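J.: First the structure, which I've put down as structure tokens, then a few questions once you've had a look.
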Amino acid sequence: MNKPPAQAITSRHAHQAAWRVLYARAVTDAAELLRRLDLPLSLLPGARAGSDLFPLRVPEPLLARMRRGDPDDPILRQVLPVDAESAVSTGFSADPVGDLQAMPVPGVLHKYHGRALVIVTGACAVNCRYCFRRQFPYGDAHGGGGRWGEALDYLRRHTSINEVILSGGDPLVLPDGKLAAMVDALAAIPHVRRLRIHSRLPVVLPQRVDAALLRWIQATPLQTVMVLHANHPNELDTAVAEACQRLAGVGVTLLNQSVLLRGVNDDEDSLFSLSERLFAMGVLPYYLHVLDRVQGGAHFLVDEERARQLLERLSRNLPGYLVPRLVREDAGAPYKTLLSPSTG
Ligand SMILES: *Cc1c(COP(=O)(O)O)cnc(C)c1O
Ligand code: SF4
């Protein structure tokens, strides 16, 4: 891939944070979403009921990738609130992955050896209906609002931690000044060598990858990995490809994680094209998660046997490095549980 010259990036974005405007202008009203996509108003009551439980939020650049007039569009399904979210499902809970038990200080999740995850904000650019954090009490849990001191103290005291994961919510909704300060503080901890950023913004709002973001990433001595989150190939347009190219240009290793979702990507063709298209953008598929059993998300569940069959089809048809690891998160486990292909 050709890198865009750094100069071009700077002059194109120097005078505004265009992404901030787009972030603020996200569609949050169900009637507006339906109208913009030429969808029937019969979907409105369900959308209103669902958004009472977890607000609707879609940024414009993502909306632009949805097909008009198609209630089954794979991107729309990820963001449109529906009646089924009100159903109470047995085996589904508010904290399915045991995060509240793994939080030694506010804002730090330390579940796995060598890595700690810092929740720097509860906010996101898009609200994904299946999200396992849809019920999470962010108000009390994230380490923002001047409480990073305690999180940083924890990271300093635990010398086994060599990788810090910025997560949320979505860490890249924070202003660059705040992120740069956080990353400087992390780089000053001798045992921290790697920075990982878990973000959906380069996909749903690729304008976020602007000169100001690239500047602090390029400046940090920490090796930087970004784990994107795309579930369907339709999410990956030219603007996303260009954002990935800019990130790669400053040395970021790019990975992607997806969630296996009924009616979105639970078919061989979608997953196959997703891997192919990611790689064409310089991104390696990392994880394919089976759904975390969060209350309100049950209608997205793909059973594990079906998940393992899809993995078998992918393994048969793709080079090994384009087959994501199919994983499940079990509360209390020391790593994510790897599922194997099924020929059944
Ligand atoms: C998934 C996860 C990680 C990262 O795990 P990797 O297997 O290294 O990708 C770290 N901390 C928490 C709490 C996680 O849920
Ligand atoms: S944390 Fe990720 S999956 Fe959840 S709503 Fe935010 S962007 Fe979507």
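J.: List every residue whose amide H lies under 5 Å from the amide H of Leu326, counting only residues 5 or more places away in sequence or on a different chain, with H placed 1.01 Å from N in the peptide plane.
T.: The list, which skips near neighbours in sequence, is Leu288, Leu339.
J.: Taking H placed 1.01 Å from N in the peptide plane, check which residues at least 5 places from Ile197 or on another chain put their amide H under 5 Å from its amide H.
T.: Residues meeting the amide H criterion: Leu166, Val225, Met226, Val227.
J.: Also, I was wondering about something else. Return the distance in nm (one decimal) between the two label points of a simple spin-label model at Asp83 and Leu53, each offset 7 Å from Cα along Cα→Cβ.
T.: Result: 1.3 nm between the two label points.
J.: If I model a spin label as a point 7 Å beyond the Cα along the Cα-Cβ vector, how far apart are those points for Arg325 and Val21 in nm?
T.: It works out to 4.2 nm between the two label points.
J.: Among Leu255, Ala230, Phe54, whose Cα lies farthest out toward the positive end of the dipole of the chain, if unit charges sit on the beta carbon of Lys, Arg (+1) and Asp, Glu (-1)?
T.: Leu255
J.: Return the sequence-ordered ³J(HN,Hα) values of region 228-241 in whole Hz as given by the Karplus equation 6.51 cos²θ - 1.76 cosθ + 1.60 applied to θ = phi - 60°, using x for Gly and Pro.
T.: The phi angles translate into 7, 9, 10, 10, 9, x, 5, 6, 9, 9, 4, 5, 5, 4 Hz.
J.: What is the calculated FRET efficiency for Asp153 to Thr253, with r their C-beta to C-beta distance and R₀ = 30 Å, to the nearest 0.05?
T.: 0.60
J.: Also: Just Asn256, Asn265, Asn317 to compare: in a GNM of the chain, with alpha carbon springs under 10 Å, which one fluctuates most?
T.: Greatest mean-square fluctuation among the candidates belongs to Asn317.
J.: Where in region 276-309 does the amide nitrogen come within less than 17 Å of the point 7 Å from the Cα of Ser340, taken along Cα to Cβ?
T.: Of the residues in region 276-309, 304-309 have backbone N under 17 Å from the label point off Ser340.
J.: Could you give the alpha-carbon Rg of the chain over 2.2 N^0.38 Å, rounded to two decimals?
T.: That works out to 0.97 for the chain.
J.: Amide H neighbours of Leu284 under 5 Å, counting only residues 5+ apart in sequence or on other chains, H built in-plane at 1.01 Å?
T.: When sequence neighbours closer than 5 places are left aside, the close amide H contacts are Leu254, Leu255, Asn256.
J.: HN-Hα J couplings of region 119-125 from phi, Karplus 6.51/-1.76/1.60, θ = phi - 60°, integer Hz, Gly and Pro as x?
T.: 8, 8, 7, x, 8, 9, 7
J.: Using 0.36 nm times the number of residues separating Lys178 and Asn162, minus their current alpha carbon distance, what extension gain do you get?
T.: On the way: separation 16, 0.36 × 16 = 5.76 nm, distance 2.15 nm.
Between Lys178 and Asn162, full extension yields an extra 3.6 nm.
J.: Per 0.36 nm of contour for each residue apart, how much would the distance between Arg68 and His113 grow if the chain were fully extended, relative to their Cα-Cα spacing? Spell out each step's value before the answer.
T.: Working: separation 45, 0.36 × 45 = 16.20 nm, distance 4.59 nm.
Taking 0.36 nm per residue and subtracting the Cα distance, the gain is 11.6 nm.
J.: Pop a pseudo-label 7 angstrom from the Cα along the beta-carbon direction at both Asp237 and Phe279 and give the gap in nm to one decimal.
T.: About 2.6 nm, to one decimal.
Rule-based calculations on the coordinates, nothing more; no lab input. Please read these numbers as outputs of a predicted model, since none were measured by experiment. All Cβ positions, glycine included, derive from the backbone under ideal geometry; neighbour counts span all protein chains shown.
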